[in-house]
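**Student:** Here you go, one structure.
Every number in this text was worked out from the coordinates using simple rules, so none of it is lab data. Given the structure is predicted, the values throughout are model-derived calculations rather than measurements. Positions of Cβ are backbone-derived with ideal geometry, glycine not excepted, and every protein chain shown enters the neighbour counts.
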Amino acid sequence: MAPGTLTQDDQHPAILDSKSHSTSPLYQNLNQAELLNKGEKHLLHFGSPLHHDVIAKAHGLYIYTASGHRLLDWTSGQMSCLLGHGHPEIVKVIVDHAMYLDHLFSGMLSPPVVSLSERLCNALPPGLDKAMFLSTGGESNEAAIKMAKVYTGKFEVVGIGASWHGMTAQAQGAQYHFGRKGHGPTMPGMHMLPSPNAYRSVFRKADGSYDWETELDYGWKMIDLQSCGSLAACIVECIQSSGGMITLPPGYLKALKRRCEARGMLLIVDEAQTGMGRCGDLMAIEHEGVTPDIVTLSKTLGNGIPLSAIVTSEEIDRVCMEKGYMFYTTHLNDPLPAAVGDKVLEIVLRDDLVAHARQAGQVLHAGLRKLQARYACIGDVRGRGLMAGVEIVKDRGTKEPATELAKAIGDRAYEIGLWANLSTHPSFGGTFRIAPPITVTVSQLEEGLTVLEQAFAETEGTMPLY
C-alpha cells in the first residue's frame, strides 16, 4: 500500500464491523450489581481496583457492558488484541486446536510450534534466529534475563526508569515504574538508567531541546560507579507504555547498544506492546535499524491468548546450551497458543497491516495534535504509529500533572463511548495510553477522536484556547 492511500472506508480482510453485533449469545440479562458484589467478595485484590462495569461482550473494535453500553476499545483489551476481539480466523484456530491439538508434554514437538518459529525468525532481522514460546511477558523477560546471565557468566542487570517488564522476580527487579515496594529485597545487582522522557527530563541543551546523550552518559557513569564489575544485560522498551508512552529518542537505541557492547553486556528489547506492527514497523527495533541480542514478545503475538516468545541468535543459544541453560515450564511451546501466534503473524504480513498501522497512526496523531492545539491542558502528545500518549497538565509552563482532571476527562469519554486507558500513577501523572487494534479503520479513529473532543469540551478545567 503506497503512502497516502488510506481512505475513509479503507477495509482489510482482517477488519471487523461490530455495529451489527449488539447482543452476546453468552451472557444476557445480567445483574451487574450482583456480579460486582460477588467479585468484590471472592476475588483477590491485585494492586488495582476493579472497574465499575461488568463487561459482557467483546467483538471487533468494541466492548459491551452488562448494561448494554458500547465502548470503542482504544486499548486492545490489555494492549493485546492486535487484530481486534473475536477475529474469525483466530476463533477458528482456537476451536480447531482445542478439539484436536491443545496441550502436550513440553518436550514434544508439534506443527504449529515449528511453523511459528520459522515464520517469526524469517520475519526478524538476521541474528534473531531461534525462538522459544512461553505464556506471559514477565515469563519471557525472566527467560531472557536468565539467558543473558548464563551466556555472560555475570549477574548485574540494567533497566530503564518508568519501565514495566512483568511480575516475576528478575523481570520485576529490572522494572522501575511500579511494584517494587512492600515485599523485601528485589534481585541483587539491579541498576537503573534515567527514563528518556523528552517532555520532562532536566537534561537540556542551550536551546532548551532535550539532551538525551548527556543524560544517557550520566546514567552509565552512575551505573559504572555502582557496579561490582558483573554487568550482564540491559533491558529496554522502545516505547515505555506503562510509564506514559515515553518514546525512545532517535538514535537512543543504537547508542544504548554501543554502551552495552563496550561493557560486554547483552541488549534485551521488550517488544510486548510495540511488536507485530503496532508502531508502523513489524518490530520497533526496525525503526532504528538495531538488532538486539535478545527480543521478547508477548501481548500482541497472541491477540489476547496467553503467548510470549524469546528470540535470540544461534550463537547465544549454542553457548547457553553448553552451559546448561534451563527454562522448563508447563506451557512451554504449547501447540494451541503457538497456532494462534502463527495465524496472527500470517494475517499481519498477508494483509499489510504494518503499513496500515503506519498510515492510520498518522490520522490518529494528527487528530490528537489538533486536540492539543485546542485545549491547553494537553501538555504533550507522543508515541508512534498506533501507540499514542496524551499527557494532561495543569499548566504548560510548569508541566504540573493534572491527574484529577485527566480522570474526569477519561470518565466522560467512557460515558460517551470510548475506553482509553488512563495512567494515573504519580510516576508520570495523568497520561492517556492509546493503542487500538491495528485493524482500526479511519472512520473508527474519527469516531474516537470525536468522543475525545466532546469529553474535553464538556469537562471543566480543560482550558479551551479557542
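**Student:** Using every Cα-Cα pair within the chain, state what percent have a distance larger than 28 Å.
**Tutor:** Working: 56692 of 108345 pairs.
So the portion of pairs separated by more than 28 Å is 52 percent.
**Student:** If we sort 355-362, 119-126, 322-329 on the protection proxy, mean other Cβ atoms within 10 Å, highest first, what's the order?
**Tutor:** The packing order, highest mean first, is 355-362, 119-126, 322-329.
**Student:** Go through 127-134, 248-255, 296-303, 264-271 and give me the packing order, highest mean Cβ count within 10 Å leading.
**Tutor:** Listed from highest to lowest mean packing, they are 296-303, 264-271, 127-134, 248-255.
**Student:** With the Cα gyration tensor of the range 216-368 giving a ≥ b ≥ c as the square roots of its eigenvalues, does the rule (a/c under 1.5 for rounded; else a/b larger than b/c for prolate; else oblate) give rounded, prolate or oblate?
**Tutor:** On the way: a/c = 2.25, a/b = 1.18, b/c = 1.90.
Oblate, because a/c is 1.5 or more while a/b does not exceed b/c.
**Student:** Mind checking which lysines have their Cα closer than 17 Å to the Cα of Lys205? Skip sequence neighbours fewer than 8 apart in that chain.
**Tutor:** none
**Student:** Now, a different point. Ignoring solvent entirely, what values of log10 I(q)/I(0) come out of the Debye formula for the range 101-351 at 0.10, 0.11, 0.13, 0.14 Å⁻¹ when each Cα is a single scatterer?
**Tutor:** For the range 101-351, the Cα-only Debye profile gives -0.46, -0.56, -0.78, -0.91.
**Student:** Using the structure shown, select from Lys57/Lys299; Lys130/Lys257; Lys323/Lys343; Lys146/Lys257; Lys254/Lys299; Lys181/Lys221 the pairs with a Cα to Cα distance greater than 23 angstrom.
**Tutor:** On the way: Lys57/Lys299 20 Å; Lys130/Lys257 20 Å; Lys323/Lys343 34 Å; Lys146/Lys257 19 Å; Lys254/Lys299 25 Å; Lys181/Lys221 26 Å.
Distance filter (> 23 Å) returns Lys323/Lys343; Lys254/Lys299; Lys181/Lys221.
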